[in-house]
Amino acid sequence: MARGKIQIKRIENPTNRQVTYSKRRNGLFKKANELTVLCDAKVSIIMFSSTGKLHEYISPATSTKELFDQYQKTLGVDLWVSHYERMQENLKKLKDVHRNLRRQIKQRMGECMNDLSFEELRCLEQDMDNAVRIIRERKYRVITNQIETHKKKLKSVGDIHKRLLQEFDIATEEDPHYGLVDNGGVGVGIGDYDSIMGFSGGGHPRIFALRLQPNHNDNHNHPNIHVHHPPPSDLTTYPLLE
C-alpha cells in the first residue's frame with residue numbers, strides 16, 4: 001500500500017513536534033554528509049529548535065568561519081559592517097560620557113569653571129552644599145557610633161572593677177589575714193583601699209601587693225607537718241592599671 005500524503009502544517013502537539021524535528025534533522029544532516037562525500041561539496045547547516053537549542057552541521061574539510069568568509073567574498077558584501085558601525089556609535093557615546101564626568105569632577109575641585117553660566121554655577125554650588133551636608137551627616141553618625149562603642153567599653157571595665165572589689169571584700173571577710181600591704185611591707189586596712197588604688201585625690205595608681213599572713217597555729221594543729229614561712233619582705237607586687 002502506498003503511504004498517504006502528509007499535510008505540511010505546524011504540528012500542534014509539542015511531543016510529536018519535537019520527535020518529528022529530531023527525525024528530520026538527523027535525516028537532513030545525513031543527506032548533507034552524503035552530499036559532502038559524494039560531490040566534494042562544502043555544506044554548512046545551522047538550525048535552532050523551537051526551544052532555542054542550536055544544532056549545526058559543517059563539512060569536515062572546512063569551518064563555519066571559512067564558509068562565511070567565502071560567502072562574503074563571493075557576493076561582495078560585509079556581514080559585519082552594520083555591527084561594526086553600531087559598536088563605533090556606542091564607543092563614541094561612552095567617550096562623551098567619560099569626558100563629561102571628568103569635567104564635572106574638575107568643576108567640583110574648583111577647575112574648568114570659566115565657561116559656566118550663572119545658572120550652572122548656582123546649580124554647582126547647590127550640589128556642593130548637598131554633598132557637604134551628606135558628608136557631615138555621615139561624619140556625625142560615625143562619631144556617634146564610636147562614642148557609643150567607647151561608652152560600652154567603659155561600662156564593661158567599670159563592671160569588671162566593681163566585681164573585683166566585691167570579690168576582694170568577700171575574701172577579706174572570710175580570711176582576716178588576707179589584706180593589702182604597701183611597698184614598704186606595712187599592713188594597710190581596708191579603709192585605705194582607695195588611697196592605695198590611687199583613685200582618691202586624683203593620684204596615679206600605685207604598686208600594691210597581696211600577702212596571706214602565716215597562721216602560727218598550723219604547726220600545733222599538725223605537728224608532723226612543718227610549714228616554712230618566707231620572710232615578710234618576699235612579696236609579689238602587682239601594678240594597678242587605670
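The values are calculated or read from the model by the stated rules, or taken from the named source; none is laboratory data. Just so it is clear, the structure is predicted and the values come from calculations on it, not from any experiment. Every residue, glycine as well, gets a Cβ built from its backbone with ideal geometry; the counts of neighbours run over all protein chains shown. Side chains are part of the model used for accessible areas, which takes the heavy atoms of the whole protein and leaves out ligands, DNA and RNA. Shrake-Rupley method; radii C 1.70, N 1.55, O 1.52, S 1.80 Å.
Brief remarks on what is shown
- Surface composition of region 77-164: carbon plus sulfur atoms hold 58% of the accessible area, using a 1.4 angstrom probe and ignoring ligands, DNA and RNA.
- Local electrostatic count at Glu89 - Lys and Arg +1, Asp and Glu -1, tallied over other residues with Cβ under 14 Å: +2
- Residue-span extension gain [Val37 to Ser50] - 0.36 nm each, minus C-alpha spacing: 1.7 nm
- Gyration tensor (alpha-carbon) shape descriptor, region 127-176, a/c threshold 1.5: prolate
- Region 26-165: C-alpha gyration tensor shape, a/c 1.5 cut-off, then a/b vs b/c: oblate
- Cα gyration tensor, region 1-93 - rounded (a/c under 1.5), prolate or oblate: oblate
- With a Förster radius of 25 Å applied to the beta-carbon distance between Lys95 and Asp129, the computed FRET efficiency rounds to 0.20.
- Per-residue ³J(HN,Hα) for region 144-160, Karplus 6.51 cos²θ - 1.76 cosθ + 1.60, θ = phi - 60°, Hz, x for Gly and Pro: 4, 4, 5, 5, 4, 5, 5, 5, 5, 5, 5, 5, 5, 5, x, 4, 5
- Heavy-atom accessible area for Thr74, with the other protein chains in place and a 1.4 Å probe, reaches approximately 110 Å².
- Under 5 Å, built H, 5+ apart or other chain: amide partners of Val43: Ser59
- Neighbourhood charge, 13 Å Cβ-Cβ cut-off, centred on Lys30 and excluding it, Lys, Arg +1 and Asp, Glu -1: +3
- Counting only protein heavy atoms and a probe of 1.4 Å, the accessible surface of region 3-51 is 56% carbon and sulfur.
- In order along region 163-173, the Karplus-derived 3J(HN,Hα) couplings, from 6.51 cos²θ - 1.76 cosθ + 1.60 at θ = phi - 60°, round to 5, 5, 4, 5, 5, 5, 4, 5, 5, 6, 5 Hz, and Gly and Pro are given as x.
- Straight-distance crosslink candidates among lysines, where the alpha carbon sits under 17 Å from Lys42 and sequence neighbours closer than 8 are dropped: Lys30, Lys31, Lys65, Lys73
- Summed side-chain charge close to Thr144 - residues other than Thr144 whose Cβ falls under 14 Å, Lys, Arg +1, Asp, Glu -1: +4
- Remark: region 40-50, residue by residue, has Karplus-estimated 3J(HN,Hα) of 6, 9, 9, 10, 9, 10, 10, 10, 10, 6, 5 Hz, where x stands for each Gly or Pro and the curve is 6.51 cos²θ - 1.76 cosθ + 1.60 at θ = phi - 60°.
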